[in-house]
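The values are calculated or read from the model by the stated rules, or taken from the named source; none is laboratory data. Keep in mind it's a predicted model, so treat the numbers as computed, not measured. Cβ sites come from the backbone with ideal geometry, for glycine too, and all protein chains shown count toward neighbours. For the accessible areas, the whole protein counts, side chains as well, though only heavy atoms, and no ligand, DNA or RNA atoms are used. Shrake-Rupley method; radii C 1.70, N 1.55, O 1.52, S 1.80 Å.
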Amino acid sequence: MGTNGSTMLEPLRQGLPPLDPAAVSNAASCALPARYEAVREARQFTRRTLDQWDIGDRFDDVCLVVSELVTNALRHGLPTSNGHAPEQIPPVRLHLMRWTERLVCAVRDPSHDSPVARDSDDFSAESGRGLFLVDSFADGWGWHPLAGTLNGKVVWALFRLQSAE
């Protein structure tokens, strides 16, 4: 995955039973280029991954949330291209991690700025509803800055999965 799992998962422990990074049953990650076509690529990656993991019951919710998290990372988490060659802009990374009854979608970007939820009352606005949608469709979400050799932040969304009883 390329990141320290315990660092990424620390905030997910708040108010939930322990999530042991070693107990992740499946994990997948991909780097996304700094262009808006990456949102489609993220959805395709998510579809392929969830198909491989036989998770279909939350597919539409997960893809919507992944689209919003990646869009926000591209729009607000990357440095402006002023003076940066495209290859110098760090990629956004999408991480999907699955436990028996949970799925976490995490998007890492190089910004240290906190995500800001806009007022959800203005449904006619062209933008600004992304985190409202994440909050509505995921079972929980949050963010935290990265430490150590990793720069930026991770914004994550948690989905409860139906148990395979």
Which listed residue, of ARG40, ARG75, is outside any loop (DSSP other than H, G, I, E, B), surrounded by fewer than 17 Cβ atoms within 10 Å (Cβ to Cβ) and modelled with pLDDT of 95 or more: ARG40
Residue in the stretch 85-105 that is surrounded by fewer than 20 Cβ atoms within 10 Å (Cβ to Cβ), at pLDDT below 90 and closer than 15 Å to TRP143 by Cβ present: no
ASP109 being acidic (Asp, Glu), modelled with pLDDT of 80 or more and under 14 Å from ALA31 (Cα atoms): yes
Set ASP60, ASP121, ASP54: member being at pLDDT 85 or above, open to solvent by 30 Å² or more (accessible area, probe 1.4 Å) and either touching a His at 6+ places or on another chain (Cβ under 9 Å) or outside any helix (DSSP H, G or I) (or both): ASP54
Residue check for VAL116: β-branched (Val, Ile, Thr) and either modelled with pLDDT of 90 or more or buried (at least 17 other Cβ atoms within 10 Å of the Cβ) (or both): no
Identity of the residue in the stretch 17-35, farther than 12 Å from ARG98 by Cβ and modelled with pLDDT under 85, that ends up surrounded by the most Cβ atoms within 10 Å (Cβ to Cβ): PRO21
